[in-house]
Amino acid sequence: MGFGHVVRRRGSPVVRIVSVGLWLLGGCARERAASPPRDPPGAPSVTRPGPTDSLIPAGPLGAAIRRGRALLVATRDSLPGHVGNGLRCVSCHLEEGRRQATGSWVGVYARYPQYRPRSATVETIEYRINDCFRRSMNGKPLAVDGVEMRDMVAYLWFLSRDVPIAPPQGGNRLQKWAAFRADTAAGTAVYTATCAKCHGPDGQGTAVGPPLWGRQSYNVGAGMTRVRTAAAFIRENMPFDQPGTLTDQQAFDVAAYVNGHPRPDFPDKIHDWPNGDAPPDVAYPTQAARRKTSP
Ligand code: HEC
Ligand code: HEC
């Protein structure tokens, strides 16, 4: 199953989950090649941050956690009405959200509710999940009180086991990128040499890597369209087979190259950062910013 496949519509949710499980067990060569080895049952997690799977409780709660994880891994197949591109949640939240890097879900449940300036509201974890549905997945939000949302939250809750509830860490970890200037020619060269083999020369994805721009990619309102966010993600996580091998400058250049291409619009973006405090690398105008600059 590659990234360009046609989404099969399935019947009941139960059937869908079962087939997701079978897909995870068997059919997908890319999964086998790309995923880290699973912990043997009961063994402490050596390679994977977060609680070991053996701590998933038996019974209905454990079933909800496992269903939630299946939805986050096979998002498009399980929730076709809510996904408008060729991505799945774990395209950016790597290793089922366990990778200790930009996008980690380990401990995320303990950081919400949280005030975020993009919406200028106190966001619940459900709100934040739906933000990624609407922007990163270019799709439609889930019902906040539905079973799919409940199960996804159950998995994020599980991944946050033993993490104390506390406000997010202060300080802006993206600030280090403020000093960088993008060299697009250098970014093109990095892309061709390092990224194209998996994401395709035209950025539309291949069987082994999801799309990076165009109709099947994240939309203009997604966090990943900020060059600093993309640079941080790429620096820590890409190339997938050799993460950490790019310099900061190479990551920044290739992030600018990727985000220099067209992608789906997000008309609601105009309402972002209503207090006019958008970060400088946000590539679109907002109503609040216009109000601030007009006399
Ligand atoms: C195109 C990449 C991308 C995809 C796909 C994506 N996300 Fe995200 N997501 C991000 C980025 C970037 C952030 C901000 C991460 C950060 O600041 O460290 C984020 C943040 C989050 C957060 C809050 C993390 C925190 O620490 O506060 C949650 C929860 C989340 N995403 C859930 C989801 C879910 C659920 C899906 C699928 C419906 C999804 N994401 C799909 C890129 C993505
Ligand atoms: C060996 C193959 C491979 C290489 C090389 C590679 N990637 Fe990826 N990339 C992946 C895979 C696989 C994922 C998604 C992981 C998943 O779905 O489990 C991904 C995810 C991403 C994402 C987030 C999801 C999306 O499609 O928006 C970005 C951004 C990204 N890669 C950029 C890059 C850049 C830039 C380079 C070059 C520096 C690069 N990648 C090199 C395989 C690769």
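The values are calculated or read from the model by the stated rules, or taken from the named source; none is laboratory data. Note that the structure is predicted; figures quoted are calculated from it, not measured. Glycine gets a Cβ as well: all are built from the backbone with ideal geometry, and neighbour counts include every protein chain shown.
Quick notes on this structure:
- The one condition from (1) near ligand 1 (Cβ under 10 Å from one of its atoms); (2) in a helix (DSSP H, G or I); (3) touching a helix residue (DSSP H, G or I) at 6+ places or on another chain (Cβ under 6 Å) that PRO168 does not meet is (2).
- Just one of (1) more than 19 Å from the chain's Cα centre (by Cα); (2) among the β-branched types (Val, Ile, Thr); (3) at pLDDT below 95 fails for ILE56. It is (3).
- Being more than 15 Å from TYR257 (Cβ to Cβ), surrounded by 23 or more Cβ atoms within 10 Å (Cβ to Cβ) and within 14 Å of ligand 1 (Cβ to nearest atom) holds for only one residue in GLY205, GLY223, and it is GLY205.
Residues are listed down the side, and each one gets a yes or a no for (1) buried (at least 18 other Cβ atoms within 10 Å of the Cβ); (2) within 28 Å of GLN100 (Cα to Cα); (3) away from ligand 1 (no atom under 15 Å from the Cβ):
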| residue | (1), (2), (3) |
| --- | --- |
| ILE234 | yes, yes, no |
| PHE240 | no, yes, no |
| LEU246 | yes, yes, yes |
| ALA251 | yes, yes, no |
| ALA255 | yes, yes, no |
| PRO262 | no, no, yes |
| PRO267 | no, no, yes |
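- The single condition among (1) near ligand 1 (Cβ under 9 Å from one of its atoms); (2) part of a helix (DSSP H, G or I) that MET137 does not satisfy is (2).
- The condition of being more than 11 Å from ligand 2 (Cβ to nearest atom) and under 25 Å from ALA207 (Cα atoms) holds for SER78.
- Here the condition is being over 14 Å from the mean Cα position of the chain (by Cα) and surrounded by fewer than 16 Cβ atoms within 10 Å (Cβ to Cβ); of ALA182, ALA193, it holds for ALA193 alone.
- Residues being part of a helix (DSSP H, G or I) and either under 20 Å from THR75 (Cβ atoms) or assigned by TED's automatic domain parsing to the domain that holds HIS93 (or both) - total across region 195-228: 5
- When residues of region 59-78 are limited to those that are within 16 Å of the chain's Cα centre (by Cα) and in contact (Cβ under 8 Å) with a residue 60 or more places away in the chain, the one nearest to ARG150 (Cα to Cα): GLY68
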